[in-house]
Amino acid sequence: MIQYKLVYAASPAKADSEVRIDPTNIDEFLNPAVSMSHEEMQRFALLAVQQRPEMRHVSVRKQKVQLQLNNIYTVGDYFFVDVTMKNRTNIPYAIDQVRFKIEDKKVLKATNFQQLEVEPVFTLYDVDNFKRKYRNVYVFKRFTFPDEKVFNMEVSEEQVSGRTISMKVNYRDVLNADTL
């Protein structure tokens, strides 16, 4: 982004029709609120998809649908969460919503249940449904949470079927994030 200060001449005869600006006189503007562009996020997310899954111990199966955490990567101030869904039925899975929450590990009836919804800043693929296998990378601004809480990913289906699957990720798995 370049900003110019223009001054209009009193008479059109004095105005230059071509103005050259020396590149050494240009100051770059780096927005401190944005440390990574969407193009860079997409490049790192595609790089994450090319990697082999390493966290096979974090997965859940329900109603012949499996949700598996492949890996968590960190780049700068961002987490890249790589997940795979497998559908072992003949009915395509129509994704209604994917939600991410930080919530308590154990919920007792006498205590308050606290949960915080976390929104991804970037999603590699925007897919509404899949037949057999679906892999995606979600990018989050760096976050931390106490050991008594878990990072929960919940995927629900559009239809009345109610196929909803939820996977909990412990904080130690987030701490063991690889770098891209």
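The values are calculated or read from the model by the stated rules, or taken from the named source; none is laboratory data. These numbers come from a predicted model, not from an experiment. Backbone-built Cβ (ideal geometry, glycine too); neighbour counts: all protein chains shown. Heavy atoms of the whole protein, side chains included, go into the accessibility calculation; ligands, DNA and RNA do not. Shrake-Rupley method; radii C 1.70, N 1.55, O 1.52, S 1.80 Å.
Side notes on the structure shown:
- The simple spin-label model puts a point 7 Å past each Cα toward its Cβ; for Q159 and E39 those points are separated by 4.2 nm.
- As a fraction of the 1.4 Å probe accessible area of the range 33-180, surface on carbon and sulfur atoms comes out at 48 percent.
- Using a Förster distance of 30 Å, the FRET efficiency for F145-Y125 (Cβ separation, nearest 0.05): 0.70
- Surface analysis of the range 46-180 yields an accessible area of 57 Å² per residue, using protein heavy atoms and a 1.4 Å probe.
- The label-point distance for T84 and Q50, in a model that sets each label 7 Å from Cα toward Cβ, rounds to 1.8 nm.
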